[in-house]
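Notes to accompany the following structure.
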Protein chains: 4
Amino acid sequence: MSGAQREKHESILDAAFEVFGKKGFYDTKISDITEHAGIAKGTMYLYFKSKEELFAAVTRRDWETFLRELNYQIKHADGLRDKLQKVAKHHLEYYYERKAHTKLFFHAPNNDPELMQMMHGFLTRYMAAVREVLEESGMSDPDFYAKAYIGMLDRLKMDILFEGDFTREALEKRVQQTVRLFLQGIEKELSE
Amino acid sequence: MSGAQREKHESILDAAFEVFGKKGFYDTKISDITEHAGIAKGTMYLYFKSKEELFAAVTRRDWETFLRELNYQIKHADGLRDKLQKVAKHHLEYYYERKAHTKLFFHAPNNDPELMQMMHGFLTRYMAAVREVLEESGMSDPDFYAKAYIGMLDRLKMDILFEGDFTREALEKRVQQTVRLFLQGIEKELSE
Amino acid sequence: MSGAQREKHESILDAAFEVFGKKGFYDTKISDITEHAGIAKGTMYLYFKSKEELFAAVTRRDWETFLRELNYQIKHADGLRDKLQKVAKHHLEYYYERKAHTKLFFHAPNNDPELMQMMHGFLTRYMAAVREVLEESGMSDPDFYAKAYIGMLDRLKMDILFEGDFTREALEKRVQQTVRLFLQGIEKELSE
Amino acid sequence: MSGAQREKHESILDAAFEVFGKKGFYDTKISDITEHAGIAKGTMYLYFKSKEELFAAVTRRDWETFLRELNYQIKHADGLRDKLQKVAKHHLEYYYERKAHTKLFFHAPNNDPELMQMMHGFLTRYMAAVREVLEESGMSDPDFYAKAYIGMLDRLKMDILFEGDFTREALEKRVQQTVRLFLQGIEKELSE
DNA sequence: AATGAATGAGCATTCATTCAT
DNA sequence: GATGAATGAATGCTCATTCAT
């Protein structure tokens with residue numbers, strides 16, 4: 001793929017992110033996306049096999065970015081508390097930045113097994129990253145605790161997405177609260 | 001509505017629960033449901049305004065049951081630990097019993113604002129019930145903690161729904177772990 | 001199927017015969033046919049599974065009529081010469097009456113194995129009917145002669161279909177010539 | 001056109017013959033042909049105006065070869081019987097050699113008037129060649145007899161094309177039978 | 001009340017053809 | 001001359017909903 005093609009590939013993904021995120025998978029027409037990208041309808045099919053695959057590609061790019069940055073944050077944090085804090089902040093800020101594109105998360109195609117598979121893979125990788133942080137601190141059953149931590153964060157994201165006036169300050173407070181709650185909760189499990 | 005009508009109303013809901021739960025909203029045809037219920041296609045429209053409304057009614061009935069039982073459990077439990085335990089057990093068992101109907105939760109109609117509204121209402125009532133439990137123990141910011149607790153449980157439900165061999169024993173263990181984690185986590189916030 | 005339904009079924013076939021015969025399979029839109037029949041597009045699909053199946057049904061009805069009348073003609077004819085004459089007349093008149101619907105024969109769907117199969121079946125039944133006539137006269141290799149006879153007729157039909165001014169008198173003359181040629185040709189094979 | 005160009009022109013025709021013959025006009029994509037010919041898609045359009053024209057060119061080349069050889073055979077045959085025999089053999093062998101490319105004959109483009117015109121021209125030239133043979137023998141109405149003869153052969157070709165196990169010996173037998181049938185049939189019309 | 005035949009809006013995708021390089 | 005990326009017209013079919021019976 002040439003440079004120009006890579007650029008077009010990206011610009012289609014950008015347009016698709018925009019439109020899928022605002023209108024949801026089913027209410028988005030291919031022509032909505034291609035018009036937004038300034039290309040002809042058929043051109044999309046030179047880069048993506050189908051509407052489903054395009055949605056999957058948008059999701060994949062977004063998640064890969066999420067996971068890359070997550071790992072970067074964890075790597076450059078010091079100690080358990082700092083790492084958990086970075087995770088929480090990353091999780092909540094990710095959704096904060098996507099407030100205007102909520103339909104990416106709630107209005108995905110319903111019965112695409114490949115997409116389901118892919119999503120599951122991402123969730124697993126997210127969980128694994130958090131589990132590793134906990135393992136380093138010598139916790140037992142780190143799987144369970146990783147899931148619980150992510151679960152808390154994921155519930156809190158709802159307020160961010162659906163309360164129009166959620167501020168960055170409120171977000172920051174949530175981060176602190178969550179870390180505190182979790183750290184106290186696991187205190188006795190830590191091997192020190 | 002006469003008794004016979006009420007019965008038919010219920011039997012349509014039963015059929016819809018079954019089919020929506022197995023095939024998801026979009027892959028379910030009205031005729032699938034009416035055939036399952038043993039009635040004519042048009043008859044459904046005498047009882048429900050639309051496919052969306054039927055789905056909403058199925059969801060509503062299920063959630064109302066959930067909340068009714070939740071409140072019953074809380075009312076008949078003693079003390080914070082017991083109440084939290086009952087909540088966790090109820091939440092996880094609810095999904096355990098619906099393992100065969102996962103598409104009710106993941107393949108809902110995408111763009112029905114009324115349904116979104118309704119779901120939001122149920123989540124709020126669920127949260128409120130847990131918040132009350134926490135408030136009774138004199139916690140500050142009980143909203144946050146209620147959400148965190150529910151978030152943990154909701155993440156754990158995924159394993160129940162998608163791990164085919166999840167047992168009731170494993171479920172029970174999750175309940176204990178979650179309660180323990182949470183209670184330790186909030187220990188210092190408790191006013192006693 | 002009720003009487004009214006049977007009538008609608010027939011009227012769709014009539015419309016399809018008309019439009020397919022004039023424009024050919026590929027240049028006919030479903031809406032052309034349903035408009036011609038005075039019904040909605042979806043209604044066609046209550047009676048026929050697909051465009052291909054509708055075309056097959058049109059063809060089937062036409063061929064069944066052809067074969068029914070053929071057998072009737074043969075049954076009510078006396079002796080070999082008369083029977084061959086009736087066959088020739090029937091074959092050529094059939095196409096004469098369908099001069100305005102030539103595309104039924106030349107612009108059929110190209111890759112429908114079921115249709116190919118069906119057509120093959122009809123040709124076989126036609127051949128079998130002629131073969132029987134020859135067998136009664138004690139000919140050897142009646143298969144070959146039946147095919148040769150039908151072949152002559154089928155080539156002659158082309159003039160009928162594509163020469164605009166072909167008259168019934170010319171047709172009648174062709175019948176006589178063909179019978180004469182064929183009878184002389186097989187004279188020595190006859191067992192008398 | 002240079003030599004190299006002529007070669008490419010031919011190689012496109014070869015590829016088109018191959019692919020059209022195997023998959024039929026509608027199921028063949030231009031890219032199928034150009035890939036088979038080892039050239040880029042656009043290049044085809046430097047040599048042929050359209051897909052239809054390419055198909056017509058393939059057909060034309062094939063028919064011209066057919067007619068050239070036919071005339072050669074007729075010219076080098078002696079007497080009516082020999083000439084008719086050569087015609088029959090040529091006709092049936094032509095299809096025998098194209099058993100693997102039947103779709104050239106049955107899955108042609110449906111609504112190309114120019115192609116129809118061309119095909120008609122070839123049929124006429126074929127007919128004329130046979131008619132001349134008959135005329136030399138002083139027959140009356142040679143047109144009719146030429147068509148009848150070709151008709152017989154054309155019906156017999158079907159068996160060759162669609163019966164997988166048709167042998168050259170069976171073909172030879174058909175030739176003999178056809179000539180015999182026809183010669184006896186026209187015996188009395190011959191002026192000698 | 002119950003039926004089920006009829007309706008018709010809605011949309012992803014293909015592929016022959018073009019034309020800038 | 002050769003390329004191949006871009007174009008965009010064109011259409012069969014589904015299925016929620018209606019309404020005459």
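The values are calculated or read from the model by the stated rules, or taken from the named source; none is laboratory data. On a predicted model such as this, the values are computed, not experimentally measured, just so you know. Quick reminder, even Gly has a Cβ in these numbers, built from the backbone with ideal geometry, and neighbours come from all protein chains shown. The area values use the complete protein model at the heavy-atom level, side chains included, leaving out ligands, DNA and RNA. Shrake-Rupley method; radii C 1.70, N 1.55, O 1.52, S 1.80 Å.
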Can you tell me which residues in region B:1-29 are of a type in the set (Val, Ile, Thr) and either under 18 Å from the mean Cα position of the chain (by Cα) or within 9 Å of DNA strand E (Cβ to nearest atom) (or both)?
B:19
Suppose we filter region B:138-149 for residues that are out of contact with any Asp or Glu (no Cβ under 9 Å at 6 or more places or on another chain) and either facing chain A (nearest Cβ under 7 Å) or assigned to a loop (DSSP other than H, G, I, E, B) (or both); how many remain?
2
Give the number of residues within region D:128-138 that are under 15 Å from residue C:159 (Cα atoms) and buried (at least 18 other Cβ atoms within 10 Å of the Cβ).
0
Inspect region B:43-62 for any residue being within 14 Å of chain A (Cβ to nearest Cβ) and either away from DNA strand E (no atom under 15 Å from the Cβ) or among the aromatic types (Phe, Trp, Tyr) (or both) and give the result as yes or no.
yes
Of the numbered conditions (1) among the aliphatic types (A, V, I, L, M); (2) in a helix (DSSP H, G or I); (3) surrounded by fewer than 20 Cβ atoms within 10 Å (Cβ to Cβ), residue B:77 satisfies every one except a single condition; which is it?
(2)
Just the residues that are modelled with pLDDT under 90 and in contact with a Leu (Cβ under 9 Å, 6 or more places away or on another chain), please, taken from region D:81-124.
D:105, D:106, D:108, D:109
Contact list, first residue from region D:95-117 and within 14 Å of another protein chain (Cβ to nearest Cβ), second anywhere and open to solvent by 50 Å² or more (accessible area, probe 1.4 Å) and outside any helix (DSSP H, G or I), beta-carbon distance below 8 Å, six or more apart or interchain, is D:107/C:111; D:107/D:26; D:107/D:27; D:109/D:26; D:110/C:26; D:110/C:27; D:111/C:26; D:111/C:27
Regarding residue A:84, is this residue under 22 Å from residue B:156 (Cα atoms), away from DNA strand E (no atom under 14 Å from the Cβ), assigned to a helix (DSSP H, G or I) and more than 12 Å from chain B (Cβ to nearest Cβ)?
yes
For region B:150-176, give me the residue count where each residue is open to solvent by less than 40 Å² (accessible area, probe 1.4 Å) and facing another protein chain (nearest Cβ under 8 Å).
7
Just give me the residues in region C:118-133 being farther than 28 Å from residue D:113 by Cα and within 12 Å of chain D (Cβ to nearest Cβ), in sequence order.
C:124, C:126, C:127, C:130
Cβ pairs under 7 Å, 6+ apart, first in region D:43-71 and touching a residue at least 24 places away in the same chain (Cβ under 8 Å), second of a type in the set (Lys, Arg) and within 16 Å of DNA strand E (Cβ to nearest atom):
D:47/D:8
Give the residue that is modelled with the highest pLDDT, with candidates limited to residues of region D:3-31 that are closer than 22 Å to residue C:113 by Cα and acidic (Asp, Glu).
D:18
Tally time: how many residues in region A:24-35 are within 13 Å of DNA strand F (Cβ to nearest atom) and open to solvent by 10 Å² or more (accessible area, probe 1.4 Å)?
5
